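Report on the structure given below.
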Amino acid sequence: QVQLVESGGGLVQLGGSLRLSCAASGSTFGVYNMGWYRQSPGGQRELVAEITQGGIPNYADSAEGRFTISKDGAKETIHLQMNNLKPEDTGIYYCRYGAVVPSPGPSGIRKFEYWGQGTQVTVSS
């Protein structure tokens, strides 16, 4: 069981910045990655940025060049620095933790997925 605690959301004007943080606690395990997903009003939850256990990032096209995802060394804590924010960045941002562990089952692996409670980001024009 992994608990994810998010912080840093808020209301900013067009062109402003926010820094989101997500700390994982509990029984963290296996090979994992973490990431941020955004759910726009009335829309679907979609990837914004993710980072591997080794610190390799991946970004959605909309985030590339404006957002930076990072982690605190070997700690299971990630951050999302969001610069030059636009109204279309508005939504609930969810932290995700995903892990893969060996398993005696047919596939040889088991996958786990945990989500934070979400933090609201609102960008006014």
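Data overview
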{"quantity": "Matching residues, the stretch 22-46, being in a strand (DSSP E or B), under 21 Å from THR122 (Cβ atoms) and open to solvent by 50 Å² or more (accessible area, probe 1.4 Å)", "calculated": "GLN39, ARG45, GLU46"}
{"quantity": "Of residues in the stretch 98-112 being in a strand (DSSP E or B) and either more than 26 Å from SER62 (Cα to Cα) or aliphatic (A, V, I, L, M) (or both), the one most open to solvent (accessible area, probe 1.4 Å)", "calculated": "LYS111"}
{"quantity": "Residue identified as aliphatic (A, V, I, L, M) and in contact with a helix residue (DSSP H, G or I) (Cβ under 7 Å, 6 or more places away or on another chain) among LEU4, LEU14, LEU47", "calculated": "LEU14"}
{"quantity": "Residue among ILE51, ILE78 that is touching a Cys at 6+ places or on another chain (Cβ under 7 Å), part of a strand (DSSP E or B) and open to solvent by less than 40 Å² (accessible area, probe 1.4 Å)", "calculated": "ILE78"}
{"quantity": "Residue within the stretch 81-97 that is in contact with a helix residue (DSSP H, G or I) (Cβ under 8 Å, 6 or more places away or on another chain) and assigned to a strand (DSSP E or B) present", "calculated": "yes"}
{"quantity": "Number of the condition not met by TRP115 [criteria: (1) at pLDDT 95 or above; (2) open to solvent by less than 50 Å² (accessible area, probe 1.4 Å)]", "calculated": "(2)"}
{"quantity": "Among (1) farther than 27 Å from SER125 by Cα; (2) modelled with pLDDT of 95 or more - the single one GLN13 does not satisfy", "calculated": "(1)"}
{"quantity": "Residue among GLU46, GLU6 that alone is among the acidic types (Asp, Glu), without any contact (Cβ under 8 Å) to a residue 60 or more places away in the chain and on the phi < 0 side of the Ramachandran plot", "calculated": "GLU46"}
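The values are calculated or read from the model by the stated rules, or taken from the named source; none is laboratory data. Computed from a predicted model, the values in this text were never measured in an experiment. Here the Cβ is made from the backbone with ideal geometry for all residues, glycine too, and neighbour counts use every protein chain on show. What goes into the accessible areas is simple: the full protein's heavy atoms, side chains included, and nothing from ligands, DNA or RNA. Shrake-Rupley method; radii C 1.70, N 1.55, O 1.52, S 1.80 Å.
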